[in-house]
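Taking it in order: structure first as structure tokens, then the write-up.
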Amino acid sequence: MTTIEAAEPVIQLKNLSKTYGDFTAVDRLNLNIYPGEIFGLLGPNGAGKTTTILMMLGLTEPAAGEAFVCGIDASRNPMQVKRKVGYMPDDVGFYEDRSALDNLVYTARLNRIPEAEARSRALLLLERVGLAEAAHKRTGTFSRGMRQRLGLADVLIKNPQVIILDEPTLGIDPEGVRELLALIRDLSRNEGLTVLLSSHHLHQVQQICDRVGLFVQGKLIASGDIDTLSRQLDGAPTHRVELDVSPWGEPLEAALRGVEGVTDVRLKPGDGLADSARRDADSVTAVVSGPSDMTAELAKAVVASGASLLGVRPLRYGLDDIYHRYFEGGETRERLG
Ligand SMILES: Nc1ncnc2c1ncn2[C@@H]1O[C@H](COP(=O)(O)OP(=O)(O)OP(=O)(O)O)[C@@H](O)[C@H]1O
């Protein structure tokens with residue numbers, strides 16, 4: 001058990017399920033999210049991410065199971081949960097003809113924050129999300145990125161313990177995405193906020209989340225940090241090494257395959273040469289995969305086989321590879337069977 005898991009979970013889902021008629025949108029979901037964590041709920045469209053979030057907020061009734069947020073049963077006490085949680089939907093709505101400041105003060109009022117405090121807090125938050133100069137501009141003129149940053153200020157105004165962000169980066173340009181993610185990370189690290197972020201953008205999730213849950217067809221098929229995920233996924237290889245070698249041939253290929261732990265050896269595609277032509281080329285790049293770092297052993301094997309080693313680049317498999325393997329590789333259905 002890691003230190004973080006020694007704490008009580010902030011979000012606790014127990015066998016949580018949701019059905020619409022015969023269709024199961026969320027299927028016996030069990031998940032704990034701990035204080036200060038940034039957790040990424042990653043899955044393709046229709047996986048059940050939004051439905052899960054709505055159950056955590058007590059906005060839709062589970063068919064079975066329970067969702068606890070800050071120890072509160074969400075379906076029994078949705079109002080209490082609402083006080084603790086800031087929820088930012090994928091399309092944040094504002095009063096378009098009012099200023100950013102007025103919108104925030106309005107939200108503060110709804111949350112019973114005294115008028116004088118509301119204004120100073122709103123100004124502080126506008127500064128925090130980089131919108132100080134736009135404080136008096138009508139939100140109807142805001143870009144998508146500005147709206148999302150204002151959305152973040154809007155969920156923070158009531159000083160929540162948890163923020164839940166549904167596809168927060170949807171439709172924002174790369175620079176805006178970078179800024180928003182940095183801001184979310186900063187909030188978590190400096191203010192101890194627990195963040196649940198739903199997304200199908202694996203690169204973004206990988207950048208800021210401490211842990212990730214892979215959600216497919218209503219089921220959580222794996223969860224953990226990147227290393228743990230890789231291990232959970234049927235021993236999927238987590239390491240690969242690119243070796244620039246010369247000459248390429250069967251003895252060298254056999255030597256690489258003979259190294260303990262190696263699960264795959266292939267030539268790097270993309271140089272436009274057929275395999276037969278590559279054998280005669282000055283050097284080729286071999287990509288070797290396995291469950292652990294085999295760089296030193298592979299280098300030794302190249303030299304021992306009589307070939308020349310011109311370059312070595314150890315690489316890690318990222319969430320990208322895992323995502324493609326499970327969401328797009330056709331293995332998901334088999335696995336969920
Ligand atoms: N009110 C509803 N009635 C019937 N089916 C629904 C309802 N709400 C959601 N669904 C279905 O439940 C499944 C999960 O939907 P959900 O919106 O939770 O997915 P999601 O992972 O959030 O997807 P997206 O990334 O597209 O928002 C989908 O197949 C959806 O069509």
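The values are calculated or read from the model by the stated rules, or taken from the named source; none is laboratory data. Keep in mind it's a predicted model, so treat the numbers as computed, not measured. Cβ sites come from the backbone with ideal geometry, for glycine too, and all protein chains shown count toward neighbours.
Of all residues in segment 69-94, those satisfying the criterion of being closer than 11 Å to D154 by Cα, more than 16 Å from the ligand (Cβ to nearest atom) and either of a type in the set (D, E, K, R) or touching a Lys or Arg at 6+ places or on another chain (Cβ under 9 Å) (or both) are G86, F94. Only one entry in G218, G224 is in the same structural domain as I38 (by TED's automatic domain parsing), more than 16 Å from the ligand (Cβ to nearest atom), within 27 Å of I38 (Cβ to Cβ) and modelled with pLDDT of 85 or more, namely G224.
Set side by side, the residues L187, L193, L202 differ, and just one is under 18 Å from K84 (Cβ atoms), touching a residue at least 60 places away in the same chain (Cβ under 8 Å) and either assigned by TED's automatic domain parsing to the domain that holds F94 or within 16 Å of the ligand (Cβ to nearest atom) (or both), which is L193. Total residues in segment 141-172 satisfying the condition of being touching a residue at least 40 places away in the same chain (Cβ under 8 Å) and either within 19 Å of the chain's Cα centre (by Cα) or in a loop (DSSP other than H, G, I, E, B) (or both): the figure is 15.
If a residue has to be surrounded by 15 or more Cβ atoms within 10 Å (Cβ to Cβ), within 21 Å of L165 (Cβ to Cβ) and not aliphatic (A, V, I, L, M) to count, how many in segment 113-143 make the cut? Selection size over segment 113-143: 5. With respect to T60, is the statement that it is within 16 Å of the ligand (Cβ to nearest atom), under 25 Å from the mean Cα position of the chain (by Cα) and in contact (Cβ under 8 Å) with a residue 60 or more places away in the chain true? The answer is no for T60. Of all the listed residues (T3, T19), the sole one being more than 19 Å from the chain's Cα centre (by Cα), more than 12 Å from the ligand (Cβ to nearest atom) and either within 24 Å of L187 (Cα to Cα) or modelled with pLDDT of 95 or more (or both) is T3. Restricting attention to segment 161-184 and to residues that are within 16 Å of the ligand (Cβ to nearest atom) and under 23 Å from L57 (Cα atoms), the residue that is surrounded by the fewest Cβ atoms within 10 Å (Cβ to Cβ) turns out to be L170. When you check L31 against the structure, is it within 24 Å of the chain's Cα centre (by Cα), away from the ligand (no atom under 14 Å from the Cβ) and buried (at least 20 other Cβ atoms within 10 Å of the Cβ), yes or no? Judged against the criteria, L31 is a match. Filter segment 189-213 for residues that are assigned to a helix (DSSP H, G or I) and within 8 Å of the chain's Cα centre (by Cα) and give the result. Result: L202, H203, Q204, V205, Q206, Q207, I208. So, in segment 58-102, exactly how many residues are touching a Leu at 6+ places or on another chain (Cβ under 6 Å) and assigned to a loop (DSSP other than H, G, I, E, B)? Qualifying residue count, segment 58-102: 3.
Does D102 count as under 26 Å from E117 (Cα atoms) and loosely packed, with under 15 Cβ neighbours inside 10 Å? Taking the combined requirement at face value, the residue does not satisfy it. With respect to (1) within 26 Å of the chain's Cα centre (by Cα); (2) more than 16 Å from the ligand (Cβ to nearest atom); (3) at pLDDT 95 or above, the lone exception for R138 is condition (1).
Taking the criterion of being more than 7 Å from the ligand (Cβ to nearest atom) and either in contact with a Lys or Arg (Cβ under 8 Å, 6 or more places away or on another chain) or in a loop (DSSP other than H, G, I, E, B) (or both), the only residue of segment 45-55 that qualifies is M55. When you check K14 against the structure, is it more than 10 Å from the ligand (Cβ to nearest atom) and in a helix (DSSP H, G or I), yes or no? For K14, the condition - more than 10 Å from the ligand (Cβ to nearest atom) and in a helix (DSSP H, G or I) - is not met.
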